[in-house]
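Worksheet: one structure, shown below.
The values are calculated or read from the model by the stated rules, or taken from the named source; none is laboratory data. None of the values given here were measured: they were computed from a predicted structure. Here the Cβ positions follow ideal geometry from the backbone for every residue, glycine too, while neighbour counts run over all protein chains shown.
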Amino acid sequence: MASVSATSLRLRTPLKQPLGSSSVEGRGSIVKLDSVGLTKGFPSLKSSSFRVCCVAKPETVQKVCEIVRKQLALPPESQLTPESKFSALGADSLDTVEIVMNLEEEFGIAVEEDDSQNITTVQEAADMIEKLVEEKGSA
């Protein structure tokens, strides 16, 4: 009787992929584990995946909300959540650039142009800030 088995691990990081239906969105990595075996003489594939995400501190998200609210002149009663998309709040590309500039100034970071173009939500901005602040602290 012959037996064949193999396992592979795939990692990928999406740029704009939301993390399902959780209450907080952010960028993360999808880890997918594929397992191939032979069952009753026929190949079988078992696959499972889970998501790993880094979620910014609540105070960082709150500060991003304050900056976005000020830049877009949103009334205090307007609701901003981590899932809020800048475009849905009425931001155009110039507003988004100015939001990023204000975030750089507030947090003492420098955002690469390529990274700034991938920021579309409050959570994405907060996650990016956390990452850059951490990198700056370890440098």
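Let's see how each residue does on (1) aliphatic (A, V, I, L, M); (2) in the same structural domain as Val68 (by TED's automatic domain parsing); (3) touching a residue at least 40 places away in the same chain (Cβ under 8 Å):
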| residue | (1), (2), (3) |
| --- | --- |
| Ser78 | no, yes, no |
| Ile99 | yes, yes, no |
| Ala110 | yes, yes, no |
| Ala126 | yes, yes, yes |
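Scan (1) part of a loop (DSSP other than H, G, I, E, B); (2) modelled with pLDDT of 95 or more; (3) not charged (D, E, K, R) for the single condition Ile119 breaks and write down its number.
Single failed check for Ile119: (2).
Could you please tell me which pairs satisfy a Cβ distance under 8 Å, a separation of 6+ or placement on different chains, a first residue in region 54-73 that is at pLDDT below 95, and a second residue that is part of a loop (DSSP other than H, G, I, E, B)?
Cys54/Gly26; Cys54/Arg27; Val55/Val24; Val55/Gly26; Ala56/Gly26
Can you name the residue in region 81-116 that is in a helix (DSSP H, G or I) and of a type in the set (Asp, Glu) and is also surrounded by the most Cβ atoms within 10 Å (Cβ to Cβ) among such residues? Quick ask: steps written out before the conclusion?
As a first pass, look at region 81-116 and keep what is in a helix (DSSP H, G or I): 87-89, 93-107, 113-116.
Subsequent filtering for residues that are of a type in the set (Asp, Glu) retains 95, 98, 104-106, 113-115.
On the way: Asp95: 17, Glu98: 15, Glu104: 15, Glu105: 10, Glu106: 13, Glu113: 8, Asp114: 8, Asp115: 15.
Here the answer is Asp95.
Can you name every residue in region 50-80 that is of a type in the set (A, V, I, L, M, F, W, C) and not in a loop (DSSP other than H, G, I, E, B)?
Selection gives Phe50, Val52, Cys53, Val61, Val64, Cys65, Ile67, Val68.
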